[in-house]
Amino acid sequence: MTCKEALNFVDSYMDHELDLVRQLEVEQHLKECSACSRAYAQRRSLQTAIKAAPLYFETPPRLAQDVRRALRRAAGEPSATESAAPASGLGWNWTGWFSGVMSAAAVAVVMIGVGPHFLSSSSDDRLSQEVTSSHVRSLITNHLIDIVTSNQHVVKPWFNGRIDFSPSVRDFSDQGFPLAGGRLDYLAGRTVAVLVYHRSAHPINLFIWPSQTGQELKEKTLSRQGYHLIRWSHGGMTYWVVSDVNEKELKDFAELVQK
C-alpha cells in the first residue's frame, strides 16, 4: 500500500468502515511508515480533542436582561426605556412563542447534562471495536505473542525501549490464568503493551497504555461479536481485557489484575 492510498483510507479506518483485509493493510502501512503514522496520530488527536470539547460556556452577565427585553418587545410590551404605548396589530401568540422558547431551553439543559455521557459512551464503543479487532487479528494472523514466556521478570523488561511506559506484569498461574507472554500493538492512535494470558485453551489479551486524561474509570463490561470486554482506568493507566471466555471468568481475571 502506498502513502497516498493509506491517507485516502485513514479516515475510514478511524471510523471502522473498512473490511478486515483493507484494515490490516492500513495498519501494516502505519507500522512501517513514520510519516503516515504521524499524520494518523494528528488526526486521532484532533478527533479526541473535538469529542472532549466542553459543552458549557459562561453566559454574559447581561444576557438575561437582554432576553427579557427581547421577549417584551416581541410580545408588544414596552421596556423601561421604550414608549409605554402598546404595539398594535402584531397578532403574536405570546403563550405559544414562550412555550417554544422554554422547550428549546429545556432541551439545551438536558443535552448539557447528558452530553459528556454520550461522549464517553461513544469513546467506549469506538475503543471496544478497536480492541476486538486487534484481538481477532492476533489470532487470524498468528501474531498473538512477540515474547513467549511465562516469566514475568522476562516479559516486563522486554518492553523497555519499545514503548514509553512500563506496564505492570504478573503471572496468575496459581489462580488459573497463566501468563503466556507479551507483544506490541497499535491502538487508540499509539503503540500499546499487550499481555497474553490463557484460561484453558482460551487466549486473553490485556491491553495497557497511559491514560490521556488521568481520570479514574470504574470497571465496565461490554460485548462485541461474541467476545467479552472489560475496561477500566487506574493509576494513570488504561486497561482493556478481551476474550471469548465466559463473562464471570473474565471478571475474575480483571479483579486479579486490579489487585
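Throughout, read-outs are computed from the coordinates displayed, never taken from laboratory work. In this text the structure is predicted, and so the values were computed from the model without any measurement. Every residue, glycine as well, gets a Cβ built from its backbone with ideal geometry; the counts of neighbours run over all protein chains shown.
Values for this structure:
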item: Protection-proxy order for peptides 230-240, 206-216, each taking the mean of Cβ atoms within 10 Å per residue, highest first; result: 230-240, 206-216
item: FRET efficiency estimate (nearest 0.05) - Cβ-Cβ, Glu247 to Gln215, R0 35 angstrom; result: 0.90
item: 16 Å Cα cut-off, lysine pairs counted over the range 127-259 (separation 8 or more, or different chains); result: 5
item: Set of lysines with alpha-carbon distance to Lys4 below 19 Å, sequence-local pairs under 8 removed; result: Lys31
item: Added length on full extension, which subtracts the Cα-Cα distance from 0.36 nm per residue, Asp15 to Tyr186; result: 60.0 nm
item: Given charges at Cβ of Lys, Arg, Asp, Glu: the range 121-259 dipole, positive-most of Thr149, Phe172, Pro210; result: Pro210
item: Segment Arg126-Ile163, length gained on full extension (0.36 nm per residue, minus Cα span); result: 11.0 nm
item: Cα convex hull of the range 139-259, projected area averaged across orientations, nm²; result: 7.4
item: For peptides 128-135, 61-68, sequence by mean Cβ density within 10 Å, most packed first; result: 128-135, 61-68
